[in-house]
Amino acid sequence: MELSMMFNHSIMVWIRNEPVISEALKPALPHILDHAGKGNAATITSKKESPGSYCGEIEQPQTFLSETSSVRVIFQTNNFTDQTYYSFDSRAEQETQVYLRYGQHPELYPNRRGLLNPGSYCDRTFKECRLQTCYVQSPAYPGVYPRNLKCNYWLNTKNPFIRLYIQNEEFNVDGQRCENIITCPMRPITSGAEYCPYDYIKIYDGKNASSPEIGTFCGMGKFPHSIVGTSEDLFVEFVTSTAGPLLNTGFHFNVGNMPGHMQTAGDKNGTCDWILSSEHLSRDHHTEGIFMSIAHWYPPHTSCTYHLLGLPNQVVRVYFPSFRVNSIESPVKSDWTGDCGESLTLYDAAEPDDTRIIKTFCDTFSKPAEKHDFISTGNSMFIRFESKTGSYSGSSLYYWAHYDFFNNTKFGTAIPDTVCDEEFVSWKPSSGYFRSPVNTLVYKRQGTVTDPDAKSQPIICRYKFTTDVRLFARIVLRIESIKFKDNNYKTPIEKDNDCWYSERDKLLVWEPEEIDAGFGLNRTIINQSNTNNGLCLFSNVNKTRTKPSDPHAGEIKFVSSGNSLNVELNLNPQHAAMSYFKYDVPLFEARYEFVHGPLCGPSVIQPVDEGELLFPRFDAMGFVEPPKTLECIWEIRVHEDRDLWLHFNQVNFVTDDCQDGRLEVYLPSRSVDYPFMSACGHNSTALKDLPLLTSKDVEEAAVKSSSTVGGTESQRHDNRSRRRNRQRRRYVHVRFVGNAYPHKAQFKIAWSELSHLPRNPDGTPRAARRTSDSDDECAFLCPGDERLCLPARAVCNGVVNCPGAPNDESPATCDRWNHGSAASTDVGGRGAPAAVALFAAVTAAIVVFGAALFAASTYCRRRRELLRSGRSAASGRRAMAVSGRSTDRIYSTDY
């Protein structure tokens, strides 16, 4: 039986209650032919000899909406019974009435469904599609599609990446052969030719079927995600079987492109493997790069990589302004059934290394980490995206990543397990430059799971200077600049009296005590044990404002007294990130130099009554090579309330040029940048006229000392309160600089401490007691200046301790001192009378014995005179004269 219908518009046919067709669907086959033309002379636009057929039964009415103005319905059966029947209704519809097919305002978009290729039934071409301008539909949509079709769709957009997606409609392409709805259950959307033997769509990533195949899809349900091509073109092929149920309504896709997708700046290898380097950013004049989750389709078992490569001294930072982990509600069926169908892994390496994983994001259990910095330890970071499921169900991981590179230059040796600590040792470069961290990521402190309070702790970078104690080295530190920003602190600067505990950004300098093994001490111990010998600075310093004649003006100089020194940058965590992240100006700049050495000997000499220092130490010449240049700095410490007489002997410079060698004396009461005395080869005699240094000369100034010279008034205020609680140190610095064969220079430094004569209650000087008591510090008045005195143990001991002439070692002084000491020996004890009597008896016996010996000698001499002439008398007179002179000479020599 055959029925033809012809209208001037689309024809809608409703088929009702189609019965079960026996003999496995073959005896009765209804055909619906959609063709163009008039009457019996109509031409089938698909040009198919066999239009295909529907079979089976339906539970609800189905709609067929023609593509042309003519429809032919043919019913065929090989076994017609009273149980074989069907019915249908039909009517014509205007395009404006078929909203689901043509959309709103079809008159504005006449080619919304594409241009029908001449001579074909369903091949269509779409050009420069944009939002809501292209509808890719199965024939007869939204009704059931015809059988035995092969339709081709050429899709194109103006910009990449072309996107094929379904908004609210369902995808219904199957065609499985079954007799009723019970034996023909709805199958979920599936990908793969092996799962789609009947009806399917096949999508190609390009202009035709020779392009890479994205996938083959069939099934019923909501298509979960977009299909995005890698360019501006997609090719879609729709195939239906020759016979199938009257159930499947096909598809309705929209065409557009991925908006706002940024092209990654780097080198691409293959489909999605990238090398993103700092050189690429510099070439494009960018400071940051961007890469995003894969914008286009990808099949199962896809792996995409990003190798972030910086310069040798750089580290890599990656953070995600946007990161989503999606759960696919209706995934396209695939052969993957395990966990972590999609993952993103960050490696702290140049290639995948499971021992160096920074973080792994998995679609089944991970939470996104937006705006968290992931930082490499070296100049490479490797990121790998893996998908075992493919993108047919949509990506589970959507990420938008930023990356940049930071200079991580270290001026010393990085201390392990720290962010910015460095160590400087004297056996490496003995001098150099260092500054606050170049890598400003240091200032972005982030809390962690194990330490959530890390953000509230000060940001601290420590610099440790150390050397072998056997080398007698010490450190000269010159702080050239400090540039902290002004922040709103709780305590005003005029009330902030304790710099060490202040909340302000500051720079600390101190010498650790012997129990301080480095930076292992807590803050309380460090501050308490070092406030007597350290610096705390929170005001700015700028060396650029120096005088041309003085290259060191404006800087702060600190000289360690021992072989170690600590410098600490301490920043308030509330302001650090905002103030200093990506702030290129150094927060501080400084230079260091390890001076002194084995030829110099110990650098610190503890207080003594008298001492001497010889240069060079010849015993050190056996285990060190003679240096080309040398700087020695000795600190001679002095007892409280003592004057110091410093004198130089046996001074021998290599040349007369002061650049080749010079000696300098620095006093703590004066500027550390200007010596109190300086001498070299051409004026070495000046060392003999060095005046006496009073107790005030050798004592640190009350406010301004060597540790703050060159600082501002605020810096002096920083240290003033600290000094109120400590005793002032007393010392003299002697500096020797040799730039030409310094080991050939020779000199001897000797010094003596002198006390002041105590005063009586009325203010008059107290008379010195001539006593041998070694504990009396003022037992002897210096002959040249009787305001100065020495203890008895320092008088006439072979060392000149009093300046001027006569001194405490002159023969006359020692004669008087020795006789005075004997006369002043304590005679008030209980044994004094016996001692006097014994002395008198011994003296009397000696006198009697001497007189007897003298008488006997006289008698013998006179007997000889009688026997000899006057010649013998003259010879006797000459012998007595010689004997007298010899006695005088021996006395003088012995004294």
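What the table shows:
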| read-out | value |
| --- | --- |
| Failed item, numbered, when Ala794 is tested on (1) small (Gly, Ala, Ser); (2) open to solvent by 20 Å² or more (accessible area, probe 1.4 Å); (3) modelled with pLDDT of 80 or more | (2) |
| Qualifying residues in segment 602-626 (those that are open to solvent by 70 Å² or more (accessible area, probe 1.4 Å) and aromatic (Phe, Trp, Tyr)) - the one farthest from Phe648 (Cα to Cα) | Phe623 |
| Residue that is nearest to Tyr741 (Cα to Cα) [pool: residues in segment 617-649 that are at pLDDT 85 or above and of a type in the set (Val, Ile, Thr)] | Thr629 |
| Whichever residue in segment 730-749 is of a type in the set (D, E, K, R) and closer than 21 Å to Tyr674 by Cα and, among such residues, is surrounded by the most Cβ atoms within 10 Å (Cβ to Cβ) | Arg730 |
| Close pairs from segment 418-438: first within 19 Å of Phe484 (Cβ to Cβ) and of a type in the set (A, V, I, L, M, F, W, C), partner in a strand (DSSP E or B) and open to solvent by 10 Å² or more (accessible area, probe 1.4 Å), Cβ under 7 Å, at least 6 apart | Phe434/Tyr592; Val438/Asn407 |
| Flag if Asn168 is closer than 24 Å to Gly256 by Cα, crowded, with 17+ Cβ neighbours inside 10 Å and of a type in the set (S, T, N, Q) | no |
| Conditions (1) closer than 24 Å to Gly229 by Cβ; (2) open to solvent by 80 Å² or more (accessible area, probe 1.4 Å); (3) not charged (D, E, K, R); number of the one not met by Gln132 | (2) |
| Selection within segment 60-90 - assigned to a loop (DSSP other than H, G, I, E, B), charged (D, E, K, R) and closer than 19 Å to Val144 by Cβ | Glu67 |
| Lone unmet requirement of (1) more than 48 Å from the chain's Cα centre (by Cα); (2) open to solvent by 10 Å² or more (accessible area, probe 1.4 Å); (3) modelled with pLDDT of 90 or more; (4) within 19 Å of Pro299 (Cα to Cα) for Thr216 | (2) |
| Ser90, sole failed condition from (1) open to solvent by less than 70 Å² (accessible area, probe 1.4 Å); (2) at pLDDT below 60; (3) among the hydroxyl-bearing types (Ser, Thr, Tyr) | (2) |
| Residue, nearest to Phe405 (Cα to Cα), within segment 287-314, restricted to residues that are open to solvent by 20 Å² or more (accessible area, probe 1.4 Å) and under 22 Å from the mean Cα position of the chain (by Cα) | Gln314 |
| Count of segment 363-385 residues which are crowded, with 18+ Cβ neighbours inside 10 Å and of a type outside the set (A, V, I, L, M) | 8 |
| Total residues in segment 275-305, condition of a type in the set (Val, Ile, Thr) and touching a Ser or Thr at 6+ places or on another chain (Cβ under 8 Å) | 3 |
| Pairs where the first residue, in segment 587-610, is on the phi > 0 side of the Ramachandran plot and modelled with pLDDT under 90 and the second is open to solvent by 50 Å² or more (accessible area, probe 1.4 Å) and of a type in the set (Lys, Arg), C-beta under 6 Å, 6+ apart | Gly601/Arg617 |
| Subset of segment 480-495 [surrounded by 10 or more Cβ atoms within 10 Å (Cβ to Cβ) and not aromatic (Phe, Trp, Tyr)] | Glu480, Ser481, Ile482, Lys483, Lys485, Asp486, Asn487, Thr491, Ile493 |
| Residue within segment 701-717 that is within 30 Å of Ile482 (Cβ to Cβ) and modelled with pLDDT of 90 or more present | no |
| Qualifying residue in segment 66-75 (condition: open to solvent by 40 Å² or more (accessible area, probe 1.4 Å) and without any contact (Cβ under 8 Å) to a residue 60 or more places away in the chain) | no |
| Qualifying residue in segment 584-601 (condition: under 20 Å from Glu555 (Cα atoms), open to solvent by less than 40 Å² (accessible area, probe 1.4 Å) and not in a strand (DSSP E or B)) | yes |
| Residue check, Arg187 open to solvent by 40 Å² or more (accessible area, probe 1.4 Å), under 13 Å from Leu246 (Cβ atoms) and either in contact (Cβ under 8 Å) with a residue 24 or more places away in the chain or assigned to a strand (DSSP E or B) (or both) | no |
| Hits in segment 757-791 (condition: in a loop (DSSP other than H, G, I, E, B), surrounded by 14 or more Cβ atoms within 10 Å (Cβ to Cβ), at pLDDT 65 or above and not aliphatic (A, V, I, L, M)) | Asp776, Glu777, Cys778, Cys782, Pro783, Gly784, Asp785, Pro791 |
| Every residue from segment 618-646 that is outside any strand (DSSP E or B) and either under 29 Å from Ser752 (Cα atoms) or of a type in the set (Gly, Ala, Ser) (or both) | Phe618, Asp619, Ala620, Met621, Gly622, Val638, His639, Glu640, Asp641, Arg642 |
| Tally, over segment 733-753, of residues that are in contact with a Cys (Cβ under 7 Å, 6 or more places away or on another chain) and over 20 Å from Pro602 (Cα atoms) | 0 |
| Residue ID - most open to solvent (accessible area, probe 1.4 Å), chosen from residues in segment 135-160 that are in a loop (DSSP other than H, G, I, E, B) and under 17 Å from Glu237 (Cβ atoms) | Asn148 |
| Qualifying positions in segment 134-167 - among the polar types (S, T, N, Q) and under 56 Å from the mean Cα position of the chain (by Cα) | Asn156, Thr157, Asn159, Gln167 |
| All positions within segment 734-748 that are assigned to a strand (DSSP E or B) and more than 38 Å from the chain's Cα centre (by Cα) | Val734, Phe736, Gly738, Gln746, Phe747, Lys748 |
| Failed item in (1) of a type in the set (D, E, K, R); (2) outside any strand (DSSP E or B); (3) buried (at least 19 other Cβ atoms within 10 Å of the Cβ), with Arg163 passing the rest | (2) |
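The values are calculated or read from the model by the stated rules, or taken from the named source; none is laboratory data. The model shown is predicted, which means the values in this text are computed figures rather than measured ones. Backbone-built Cβ (ideal geometry, glycine too); neighbour counts: all protein chains shown. Heavy atoms of the whole protein, side chains included, go into the accessibility calculation; ligands, DNA and RNA do not. Shrake-Rupley method; radii C 1.70, N 1.55, O 1.52, S 1.80 Å.
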